[in-house]
Structures are given as C-alpha cells and as structure tokens.
Amino acid sequence: MTIVLMLIVVTAESFRALLHHQAGVDLLALLTLAGALALEQYLAGSVIAFMFASGRSLEEYANGRARKELTALLERRPKVAHLCNSSGIQEVSVDTLHAGDHLLIKPGEAVPVDGLLLTKTAQVDESTITGESRLQRRYLGEQLLSGAINAGGPLELRALKSAAESTYAGIVHMVEEAQAGKAPFTRMADRYALLFIPIALFIAAAAWVSSGDPVRALAVLVVATPCPLILAAPIAIISAISRAARRGILVKNGDALEQLAIVKNILFDKTGTLTTGHSKLVGIETTSRFQPAEVLRLAASLDQFSLHSTAQSLVSEAQRRNLDISFPDQVVEEPGEGLRGQVEGHSVSVGSLSLVLGDQGPDGWVQTQLQKMEMRGLSGAFVGVDGHLAGVLLLADQIRMETPRALRELHRAGIRHTVMLSGDRQDVAETVAISLGFDSVLAERSPADKVAAVEAECRNAITAMVGDGINDAPALAAADVGIAMGARGAGASAEAADVVLLVDRLDRLPEGIHIARRGRHIALQSVLVGMGLSGIAMIFAAFGYLSPVAGALLQEGIDVAVIINALRALRPLPQYLAEARLPVEIADKLRHEHSELQPVLDHIDATIQMLSSGLSTNIHEDLKSLAMIIQEQLLTHEHEDEDKLYPKLVKIMHGFDPLGSMSHTHREIFRLARRYEQLTNEYTKNELSDFQLRELRSLLLSLVTIVRLHFAQEEEIYFTLSDTQQ
C-alpha cells in the first residue's frame, strides 16, 4: 500500500513537471517504485518510498532554513502606529498614516513610516532592514527608516511618507519578488538531469542484460533516485541569497546571484551611490554686513519648517554648533525655490539666488561665488535678510566613508574594470574619480549616455551597474546585474535592479560578490560530488554489490551529505568574521569630536578670507584670537589623540608602528600652528605688508588643508576598526 501511494504521488509530480516542460529525476523515482512493485521487492519498495518521502521532507526543511532571513523580513512589517493629535494618542493602522503626522514610538515598537526624529536622541535597532547588528544612535532632525525598532525610551516622529511609500513597504515588495524567483541552478539541474537519466537507464539496462537479473537494474535505479543535484543546487543558491539578506543585500533571484558571482566590470553612478546623496555644509561665504554663524542661525531657524533634506541638514548643522535657533513666523514655501518668513523681526529668505535677489541682478560678489561653486562642484543656499543678500551656504554631496575601501576590496576580489559615471563637468568628475581610485571616468553623461556606456561594457564582459536615483533605472536594467542603493526606499532604481543594498553602505557590494561566488561554488560542488557518488554507486549496483535496500540507504546518505554541504552557504564568510575591534561607542565619540571642531576650521577659513579681502578693522586682534582658539581647542585635541588614543589603537592594529604616518601628520600640525603663533606675535604693530599677508594666508591654508585630510584619515580608521561584520 505504501508503495502504491508513493507511486501515485510521484506520477502526479512527474506529470506536472512535464506540463511545465521540465525534466527531472522524479522519472527515475517513478520507474524505481514501479519496478519494485513489479518485481515484488516490497521491502525495498517500502524503504525507497520512505527514503523518497524523507528526502522531500529534508529538502523542505533545508529550504525553510535557507529562506529564514527573507521570511523574517516579511513577518516584521509594522502594522499599527500611535498618532498624536488634539484628541491625545490614538492607536491607528499604519495604512492610514500620511506625511506630516505626529507619531509616538514606544520602546520595542517598530517605526511605522519614514520620518524625522523630533526627540533629542534615540537608540534604534536597524538590523531588520540594514543587516547592522549594533544599535544606532540618531539625533534630533535625522531621518528614521520604517521597520527600525525603538531600542531606547519613547520617541516622537514626524512622518515624511505614507506607509506604502516608506522604506519597509518597498523592502517587503522586493522580498516577495525575490521569494517568487526560481534559482537558475534548478534549470541547470534540469539540464544535468537530461544527461543523467539516459546514463542511469543505460547502466540499468546493461546490468539487466549482462546478468539476466532485473533486480540489479532496480538497484541501479535506486541509487540514482533522487539525484542529489536536484536537492543540493537550489538549496545552496537559496542559502546564499538568505545569507546575503542577513547582511542587508537583497538578491532578487538565483539568476542574479549567479551573474553577480561572475561579474568582471562595474560601473558606478556618482551621486547617491559613491556619495551619501545628502548635502552637507562645507563653507559659509558672507557679505561684509554679516557673520557666518549668524547667517547659518537665521537660515536654520527658517528651515525648521521645511521637510527638504538640505533644509534638515542645515538645521542639524546649526544644532551641532549649538546655535540658538529661533521659531519663525509667517513661513511661506516657494516650490522649487526655497522659503520666506520672519525670524526675530527680520525678513529672511533661504533658497535659490532668484528668490533672494528678486529683480536685482547679481553683483561682482555674487558672480565670484557662483564661479567658485562651479569650479569646486558645489551647490549653495543663498540667504537674504531684510532685503539684503547676507551670504551663501556652500553645500557638497559627501563621499561615503566606506567608498575608497569598497573599491580597493573590489579590485582585490578580481573586478577588472571600475568606471565612474557622472553628470558633472569633466574636471570635477576626474578629480573625484582619481581621489577614489577608479580605473576610468565618464563625465557629463545623461541617462541615455549612461545606458550606452553600460551596453558597451556588457559587450566586453559580465557587467554590473550600481545606481541610486530614478534616472539610473534604465542603466540598471541594461546591465547584466543591476545593483541599487535602496536603503532610503524602493524607487524606480530598486525596482529595476537585480540586487538591492538595503544597508546604506557601499562596502556591502564586495561582500555580496564574495557571498555569491561562494554560493555558486558550493552549488556546483554539490552537483558534481553528488552525481559522482551516485555514479560510483550505480556501477557497484550494476555488478551486484548493492541490493535495492542497501542502495536506498546509501542514496539517502548521499542526499543528506550534499544538503548539509549546500547549507554551508548560510555561514559567515571567513574574511568577515569579527576580530578585536574598537568599541562602536568610542568610534562614534571620536567622530563627534571632529564635528565639534568644525567651527574652528570654519574660523580658519573665515580668517583666510579676511586676509584676502583686507576687510577687518582690527586684524591684529582677530589673528591673536584665532591663535588662541587653535591652541586651546585644535591642538589640545591632537595632543590627546597622540598621547592617549593612538597607543590604544596600536594594540588592535597589525604591523610595526601602524600609526606612524598619522603621528607624523600630528607633528606637522603642531609645527604649522606654532609658526602661525610666532608670526602673530611678531606682527603686532603697524599695518601688515603684502608679504606678511601672503605668508599668513599660506600658513593657514596649509594648516586647514592638512587638518581636514587628517580628520578624514582618522575617521576612516575609526570606521574600519569599529565595523562589525557579523
């Protein structure tokens, strides 16, 4: 009875596979069960039926374990939210939320929609959406992603999007799409089956003819059923996809994983991919009537009413500098231009040049600033106060901290050619590409030009395209592997991509390539080893050394072995295992100290500008004041780093004197600061000569340039040493 029932099941599955034009070794199982029944080998048939059923159960268990990370993403979607309104706090469905809603997130709850943090600080767990295992600290004005878990006290949030438009909804959609995908190794296994089935039938027939014993033919079919390649290959691929998902890398299907494993060329869009996609204040240029800090303070006061990312960036920068932001009145937003309003009785406007100047034409000062912005590849927010141009806040899209390291790792992983695509001017794009280590750069490219560049690379080798914005979607679709930076939501680029980096970090790309390569290698290994073992067992069975019962037990052992081997793709990569690391809290504190010193660097920049323009009425006092600030704030920080921090870092770094070059930079900073102090003491009388002005400018330019570079190098070290890869 057991044999008959299993025979019916296998017949139905084989018929369904044929309807879908799929060849499979279920055909061998069908012949084996039918043969056992015909030859009255009931014990062997029962064992075969049991082994076949247990093999399918084992396959389902392995598949479930492999898909665990993807399924977890679906199960953790936020469902309810606490809405704050005039009636108090109400529990509502997430689907009813809209942009602008004021929300309360209780401890342990998921953030229901993307929004701006209204609480001073918050601690959140973003592991579900980004793969980051450590808790993240967020500050007032920062954006929180839907799906993150509140790991601290109650926090308040202003919704930026509805639930359907938020990050987690996009992730859920992409995960559902990924789960619906069929691994290419399933199709590859089918192709192997087309070869394997005739071989198995030929050996079985030969054994029967040569021996005259049909039981030998049955034994051959037993050890060929079910073939390990059908079980192991898809499990290895799904395991690799699941491992990638755990690290914040969503691979939508097995075909994308296989292509990612063999990619040779990678093209990168610049904005939002190599950079953060968020503007950061890098300088403040003011007219003679206004001070830089005052211009930023007034602009940030007005920008509190804007949800634009640049406005929120300016608000956060003003708060970081401890500026006293006021509450604005009569705020009016001009779409695409900026904001107007009243701040402390002053009429303030922030935004485009046309908004601030109105009908007035740009003067020489404005022309100079526009040229400077164009040459440096910067954007700017102009600020007007009481009808007068007060200044311009210079903004730049910052290079991601991990970008240089990611490119170095890609080259070490065997990527032959890296290309930066940009719409920027050639000279600006080349400067960025050289600083990051790209093999080539294609500048001044439109979306159509980017597609043409991707197609050209695809003709040479398997090519991936990495992008972020909506205009990158055509290029992503044209590539062999489209890779989207999707941590901020699933837009058109994420929909067009084959792989989505859910964590907002580019260094997950080389890790994803390593995971894909290992998954593909394990799948091939399981296929070849499993078929080889089955082939050897068929030879032994053909010569009468294996009975049908013994063959069934042996085949089950082979199945278990190859499935266990396939599940190795779930394990972490050896090179990404945790080592001795700098505690994350300390690394964040050290980077925050650099942020607190930014006003000192701005002061140096302002002094350089003052020396160039000669507008100061009390230049000697200004120079001495700066010398004191450098001594008390900047040099104190550098001495503490040299004497206290570096000895601790050396203990967790490899090699002899790994921070020797950084200590040399400290000494150069000390030398320049000392020389500046000497000159300010010497130039205490009379009007400064042109030579003296040039010498002071040269010193300060050298000092601020070295300090900025030094900070960037230190922050990369802190980032690397504190980077948890579990």
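The values are calculated or read from the model by the stated rules, or taken from the named source; none is laboratory data. Since the model is a prediction, treat every value here as computed from it, not as a measurement. Here the Cβ positions follow ideal geometry from the backbone for every residue, glycine too, while neighbour counts run over all protein chains shown. Remember, those area values only see protein heavy atoms, side chains included, never the ligands or the DNA or RNA. Shrake-Rupley method; radii C 1.70, N 1.55, O 1.52, S 1.80 Å.
For the reader, a short list of remarks on this structure follows.
- The range 623-726 - percent relative contact order, Cα under 8 Å, separation 6 or more: 33
- The phi-based Karplus calculation (6.51 cos²θ - 1.76 cosθ + 1.60; θ = phi - 60°) puts the 3J(HN,Hα) values of the range 638-645 at 5, 5, 5, 4, 5, 8, 10, 7 Hz, whole numbers, x for Gly and Pro.
- Calculated from backbone phi, Karplus (6.51, -1.76, 1.60) coupling profile of the range 342-350 in Hz, x at Gly/Pro: 10, 10, 6, x, 9, 7, 10, 10, 9
- Here's the list of lysines a cross-link from LYS252 could span, going by alpha-carbon distance under 22 Å and ignoring same-chain residues fewer than 8 apart: LYS68, LYS182, LYS264.
- Averaging the sequence gap over all C-alpha pairs within less than 8 Å and six or more residues apart, then dividing by the number of residues, gives the range 519-668 a relative contact order of 20 percent.
- Of the trypsin sites (Lys or Arg not before Pro) found in the range 230-307, those in coil by DSSP whose Cβ has at most 14 other Cβ atoms within 10 Å are ARG289.
- Computed FRET value (nearest 0.05) for ILE564 with ALA205, which takes r as the C-beta separation and R₀ as 25 Å: 0.15
- Using a Förster distance of 22 Å, the FRET efficiency for SER595-THR705 (Cβ separation, nearest 0.05): 0.75
- 13 Å reach of a label modelled at ALA413, 7 Å along Cα-to-Cβ, counting backbone N of the range 276-307: none
- Compared with the direct C-alpha span, the chain from GLN291 to ASN85 gains 70.2 nm at full extension, assuming 0.36 nm per residue.
- Peptides 564-570, 236-242 ranked from most to least packed give 236-242, 564-570, packing being the mean of other C-beta atoms within 10 angstrom over each peptide's residues.
- Linear extension gain, ILE586 paired with GLU640, 0.36 nm per residue minus alpha-carbon span: 18.0 nm
- Given LYS270/LYS450; LYS280/LYS624; LYS161/LYS280; LYS589/LYS648, the pairs whose alpha carbons are separated by over 19 Å: LYS280/LYS624; LYS161/LYS280
- Between VAL80 and VAL94, the built amide H atoms are under 5 Å apart, and every one of these is 5 or more places off in sequence or on another chain.
- Sequence of ILE266, ILE629 when ordered by accessible area, the most exposed leading, probe 1.4 angstrom: ILE629, ILE266
- The peptide list 149-155, 550-556, 666-672, 393-399, put in order of mean Cβ contacts within 10 Å with the highest first, becomes 550-556, 393-399, 149-155, 666-672.
- Potential lengthening between LEU553 and ALA164 on full extension [0.36 nm per residue; Cα-Cα distance subtracted]: 134.9 nm
- Rounded to the nearest 0.05, the FRET efficiency derived from the C-beta distance between GLN631 and GLN342 at R0 = 41 Å is 0.50.
- Placing a pseudo-label 7 Å from each Cα along the Cα-to-Cβ vector at ILE652 and GLU687 gives an inter-label distance of 5.7 nm.
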